[in-house]
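The values are calculated or read from the model by the stated rules, or taken from the named source; none is laboratory data. Predicted, not measured: the structure shown is a model, and the values here were computed from it. Using ideal geometry, Cβ is built from the backbone for each residue, glycine included, and neighbour counts are taken over all protein chains shown.
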Amino acid sequence: MIAEEDTGSVNLRFVEAFVWVARLRSFTAAAEKLHSTQTAISARIATLEEDFGVKLFERDKRTVTLTRAGDELLQYAEQLLGISARMLEVVSDRVAYRGFIGIGVIESVVHTWLPDLLGRLRQHFPKVRVEIHSYVTANLHEELLKGNIDLALTAEPLGNPAIQNSLVCELQMGWIAARTETEEQHGSHAELLSRLPILTFLPDSAVYRDVVAKLGPYSVARINPISSIAAMMALARTGYGVATLPRAAIAPALHSGELVALDGVPDLAPAMIVASRRKQSDSPLAEAIADLAIEAANGTRAGGCHA
C-alpha cells in the first residue's frame, strides 16, 4: 500500500478525499465524513495537485470551489472509485466487509418497513456503518445527486441519466378520518370528504397531484399540505380533517378503530417507493441494499406493500 507521504502515483484515499471535498465544498466536512483530520485531507489534495501539476480547488475563508481542471477530474475520480467499489464487492466476504452507506428514506418508509430493512442489513453486512437521512423526495434526490447519500428510497424516480431507478413496491393509500367524525356525521363518507379539510403531502408530491385529480381543482382551497405523517395522524385524530395516508403506516390506529378508512369515496392511487442510486456509485453496497429493500418491503406483512 502506498504511504500517505508518497507521491508520483494516484492513491485511492487521495482520490476519495478529492471527491468528498468536491461534493461537500468543505475540507472540514470531508474530514468528518472520512473520519480523518482537516490537515490530512489538505495534505492529500496538495499531493494530488502536485502530481497532476494543476490546482484543483479555489479556496477562501468561506468557500471551496472546483477549478476547471478539478471539475474535469471529478467525473473520472468518481468513475475510479466506482470501479474500485465494484471490484471490492465481487471479491469481498459480505460479513467481513467494512464500510459506510448513506441511505435516504421518505417518512412512509420509516413508518413501514425500514426496521426490517435495517435488520436485514445487520444480518448481511454486520460491520457496515449505516447513516439514515429522512427528508421529502425532492430533498433526497438533491442529496443523491450531490453524492451526500448513496441510495434514496423515495416516492418518485429521479429523471437523470446518471441515476438508476428501481421500483421497490407500492403502498396502499387511504382517506383516513377519526372514528368520532364518521360516527357523528349523518351523511355518507363521501359527504364527509367533501366537507372537511384535506390533509395531504406537499404540492410537489404524487399523492397531492392524485388528490387534486380525484377531487377536482376546487379542492385545492381545502387542502392542507403537510410533510409529516405523524402530524397528519395527530390532526386526523382530533377530527380536524381527512388525511391521505399509507394504510400500513397507521395500521395500529386502524386496527384499534381510532382511525377509519373512508368507504364509498374515490380510490387513491398506490404510493410508489422507488430505489435510486448513482450508476457510477462509489459505494459497493447501493445495489445490494436496493435488493434488500425490495425483500423487506415485500417479504413481511408489516411492509404493507404489493409489488
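Restricting the first member to region 37-51 and to residues that are closer than 14 Å to LEU73 by Cβ, and the second to residues that are among the small types (Gly, Ala, Ser), the beta-carbon pairs closer than 7 Å and six or more apart or on different chains are ARG44/ALA17; ILE45/ALA17; ASP51/GLY8.
Would region 117-127 turn up any residue that is farther than 30 Å from ILE294 by Cβ, surrounded by 17 or more Cβ atoms within 10 Å (Cβ to Cβ) and at pLDDT 90 or above?
Of region 117-127, the ones farther than 30 Å from ILE294 by Cβ are none.
Looking for residues that are farther than 30 Å from ILE294 by Cβ, surrounded by 17 or more Cβ atoms within 10 Å (Cβ to Cβ) and at pLDDT 90 or above, one finds none in region 117-127, hence no.
Taking the criterion of being of a type in the set (A, V, I, L, M) and either touching a residue at least 40 places away in the same chain (Cβ under 8 Å) or more than 26 Å from ASN139 (Cβ to Cβ) (or both), the residues of region 194-229 that qualify are LEU196, ILE198, LEU199, LEU202, ALA206, VAL207, VAL211, LEU215, ALA221, ILE229. Of everything in region 21-58 that is more than 22 Å from LYS146 (Cβ to Cβ) and acidic (Asp, Glu), the residue that is surrounded by the fewest Cβ atoms within 10 Å (Cβ to Cβ) is GLU50. Criterion first (free of Cβ contacts under 8 Å to residues at least 60 places away in the same chain and either of a type in the set (Asp, Glu) or surrounded by 16 or more Cβ atoms within 10 Å (Cβ to Cβ) (or both)) does LEU235 satisfy it? In short, yes. Look through region 14-68, keep the residues that are among the basic types (Lys, Arg) and part of a loop (DSSP other than H, G, I, E, B), and return whichever of them is nearest to ILE101 (Cα to Cα). For region 14-68, the residue satisfying everything is ARG25. So is ALA243 touching a helix residue (DSSP H, G or I) at 6+ places or on another chain (Cβ under 9 Å), buried (at least 16 other Cβ atoms within 10 Å of the Cβ) and either in the same structural domain as LEU121 (by TED's automatic domain parsing) or over 18 Å from ALA155 (Cα atoms) (or both) or not? When the stated conditions are applied, ALA243 does not pass them.
Scan region 237-273 for residues that are in a strand (DSSP E or B), closer than 18 Å to SER227 by Cα and among the hydrophobic types (A, V, I, L, M, F, W, C) and the total you get is 6. For the residues LEU153, LEU199, the requirement of being among the hydrophobic types (A, V, I, L, M, F, W, C), at pLDDT 95 or above and in contact with a Gly (Cβ under 6 Å, 6 or more places away or on another chain) singles out LEU199. The number of residues in region 127-151 being in contact with a Ser or Thr (Cβ under 8 Å, 6 or more places away or on another chain), of a type outside the set (S, T, N, Q) and over 13 Å from LYS279 (Cα atoms) comes to 3.
Per-residue answers, yes or no, for (1) surrounded by 19 or more Cβ atoms within 10 Å (Cβ to Cβ); (2) within 22 Å of ALA248 (Cβ to Cβ); (3) in contact (Cβ under 8 Å) with a residue 40 or more places away in the chain; (4) touching a Cys at 6+ places or on another chain (Cβ under 8 Å):
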site	(1), (2), (3), (4)
HIS141	yes, no, yes, no
LEU153	yes, yes, yes, no
GLY159	no, no, no, no
MET173	yes, yes, yes, no
ALA177	yes, yes, yes, no
HIS189	yes, yes, yes, no
